[in-house]
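Enquirer: The structure is given below, and queries will be raised subsequently.
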Amino acid sequence: MNLWIVISLSPVRPLPPRDTRGPTPLSQCAPIADLAARARELDHLSQRIVPLLPTPLRDHVSHAGLRNDRVLLLVESPAWATRVRMEQSRILAAVHSLGLAATSVAAKVMSIPTSRVDSATVRSPSPRTAQHLRAAAMAISDPELHALFLELAALADHSTAK
């Protein structure tokens, strides 16, 4: 018995002609260009969906998208994922108002990075580190770099004086 497997491959787009001297610019690499275009589409869709979400929820969603017939929201905590499930009918109504066909809503928890640095997490150099920084500064001939090393070493002096 002969068994035939038919594989359907989509046609491959030919790459545009390029200068063969040197590396290929990323803009001329078809897979990269396609990926960038897809990322722009997803970002645009997210920018259309998030403002339509219920008021307290929209501030805790980092991204919104559509996968098949499901609205996918990236939220910052499990509590907001629960809120997404509770607000499913309002979310679907908002997505339908954009003309998108969706039948369900899902939430994935993804922490949103904060842009502020907590001063309690930044440690001053230890006295031993300051000693090494001063020794390294003495070996540096560049006056600006020498001064920066000494300034960094001085941070340890201020932290131990407190």
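The values are calculated or read from the model by the stated rules, or taken from the named source; none is laboratory data. None of the values given here were measured: they were computed from a predicted structure. Methodologically, a virtual Cβ is constructed for each residue, glycine included, from the backbone with ideal geometry; neighbour enumeration extends over all protein chains shown.
Enquirer: Taking region 85-107 as the search range and keeping residues that are touching a helix residue (DSSP H, G or I) at 6+ places or on another chain (Cβ under 8 Å) and more than 15 Å from SER46 (Cβ to Cβ), which one is surrounded by the most Cβ atoms within 10 Å (Cβ to Cβ)?
Expert: GLU87
Enquirer: Inside region 59-90, can you point out the residues that are part of a helix (DSSP H, G or I) and touching a Ser or Thr at 6+ places or on another chain (Cβ under 8 Å)? Working first, answer last.
Expert: Taking region 59-90 first, the residues part of a helix (DSSP H, G or I) are 78-86, 88-90.
Within region 59-90, just GLN88 meets the criteria.
Enquirer: Within region 64-84, restricting attention to residues that are farther than 13 Å from LEU45 by Cα and loosely packed, with under 12 Cβ neighbours inside 10 Å, which residue is farthest from the chain's Cα centre (by Cα)?
Expert: The selected residue is ASP69.
Enquirer: Does region 41-58 contain at least one residue that is outside any helix (DSSP H, G or I), modelled with pLDDT of 85 or more and surrounded by 13 or more Cβ atoms within 10 Å (Cβ to Cβ)?
Expert: Within region 41-58, one or more residues are outside any helix (DSSP H, G or I), modelled with pLDDT of 85 or more and surrounded by 13 or more Cβ atoms within 10 Å (Cβ to Cβ).
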